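A quick write-up on the structure given underneath.
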Amino acid sequence: MRTPAGTECSYYYADFHRGREKQACRLIENNPEGGRWEPDLCARCPVPRIQLANACPHMILEGRVKKGLLGLGRGIEVSAYCLRSMQDVSEPEIGCGQCHLDLPNIQTSSEQS
Ligand code: SF4
């Protein structure tokens, strides 16, 4: 679903049908310590970029609202974990690398000659 920031995010939910005004972030809702989400946070969230770069079905994300001093620097903090390799994923856009090992070897042009 398209967020208020214009990005695509599977965690965003909105319902403006028949006068309803419901917006939610399922990522923050799923974390009991996620904090208080507001729609403007989508503009500073890394999740749409992560989902665009990496669609690994084994990786799960956890998010929380990062409070800034006097409201400055507020944003979404995201951590990732791989259910397959059972480890934290330090770069969610890339993944942990475990699934890359299953891919057939790709030869570079210099290796082919
Ligand atoms: S805050 Fe991030 S994860 Fe939550 S709905 Fe917005 S873009 Fe998606």
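Every number here is computed from the coordinates shown, using simple stated rules; none is lab data. Worth saying up front: this structure is predicted, and the values here are computed from it rather than measured. Because the Cβ atoms are built from the backbone with ideal geometry, glycine has one as well, and the counts that use them run over all protein chains shown.
S79 sits among other residues whose Cβ lies under 10 Å from its own Cβ, and their net charge, with Lys and Arg +1 and Asp and Glu -1, is -2.
From its DSSP helices (H runs of at least four residues, each -39,500 (n - 2.57)), the chain gives a residue-normalised ellipticity at 222 nm of -2500 deg cm²/dmol. Each principal axis of the chain carries a Cα extent, and these read 63, 33, 25 Å when sorted largest first.
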